[in-house]
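First up is the structure itself, then whatever we jot down about it.
The values are calculated or read from the model by the stated rules, or taken from the named source; none is laboratory data. Since the structure is predicted, the reported quantities are computational estimates derived from the model, not experimental observations. Backbone-built Cβ (ideal geometry, glycine too); neighbour counts: all protein chains shown.
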Amino acid sequence: MSSGLQHSLQVQLRWRDMDMLGHLNQSVYHELLEEGRAALITQIAHRVGGDREHGAYVVAHVDLDYRHEVRKDHGEVKVTARVARVGKSSLHLEHEIRLPDGILAASGTTVLVAWDPTTRGKRMLTEAELAALS
C-alpha cells in the first residue's frame, strides 16, 4: 500500500554543520533526515489521534545518495519525507534534501519499523495507523 503522505520543512544551516572543506558534513545529512522524519511522524500521530503508545518507530535502514554540494552560503535547505509504501509493521519513506534554488542535494530511502516500547520489539501497525496512512 502506498500513502503519498509527506511533509517538508526548511532547515537553517549552521556553521557547526560544515566540515573542513567548507561543505555540509556527511553526518549532518542524517540529522536533517531525522528532522524530516520526526515532522512526518508527528503528522501521522495527529491523524491517529496523538496516541504515543502506537506511534513509536525505529529506523531499520537508511539509503542516502549525495548528489550536490551544500555550503553554508546556501543558508538553508528544504527537507522532504514522504511515505512511499506501508507494510504490516513498517513504513518505507522516500526523502530528499534540496537547495534553495531547488537543486537536489541528496535523496534516498528510509525503512521505519513500528516499535512496542513495552516488549522492546517490533509490532504490527494498528488499524488506526493503517487508516491514517491510507
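What's the number of the condition residue 45 fails, among (1) under 18 Å from residue 131 (Cβ atoms); (2) in contact (Cβ under 8 Å) with a residue 24 or more places away in the chain?
Status for residue 45: all satisfied but (2).
Please enumerate the residues belonging to the range 68-119 that are more than 10 Å from the chain's Cα centre (by Cα) and of a type in the set (Lys, Arg).
Correct list: 71, 72, 78, 85, 88, 98.
Could you count how many residues in the range 57-84 are under 11 Å from residue 100 (Cβ atoms) and either surrounded by 14 or more Cβ atoms within 10 Å (Cβ to Cβ) or charged (D, E, K, R) (or both)?
First pass over the range 57-84, keeping only residues under 11 Å from residue 100 (Cβ atoms): 70, 73-78.
Cutting the leftovers down to either surrounded by 14 or more Cβ atoms within 10 Å (Cβ to Cβ) or charged (D, E, K, R) (or both) gives us 70, 73-74, 76-78.
Number of matching residues: 6.
Considering the range 5-49 alone, what residues qualify as being hydroxyl-bearing (Ser, Thr, Tyr), under 21 Å from residue 104 (Cβ atoms) and loosely packed, with under 14 Cβ neighbours inside 10 Å?
Of everything in the range 5-49, just one residue is hydroxyl-bearing (Ser, Thr, Tyr), under 21 Å from residue 104 (Cβ atoms) and loosely packed, with under 14 Cβ neighbours inside 10 Å, namely 27.
List the residue pairs whose Cβ atoms are under 7 Å apart, where the first residue sits in the range 14-26 and is closer than 17 Å to residue 97 by Cβ, the second is surrounded by 10 or more Cβ atoms within 10 Å (Cβ to Cβ) and of a type in the set (D, E, K, R), and the two are 6 or more positions apart or on different chains.
18/72; 23/69; 23/71; 24/17; 25/17; 25/19
Being more than 16 Å from residue 29 (Cα to Cα), surrounded by 15 or more Cβ atoms within 10 Å (Cβ to Cβ), aliphatic (A, V, I, L, M) and modelled with pLDDT of 95 or more is the requirement here; does residue 112 meet it?
For residue 112, the condition - more than 16 Å from residue 29 (Cα to Cα), surrounded by 15 or more Cβ atoms within 10 Å (Cβ to Cβ), aliphatic (A, V, I, L, M) and modelled with pLDDT of 95 or more - is met.
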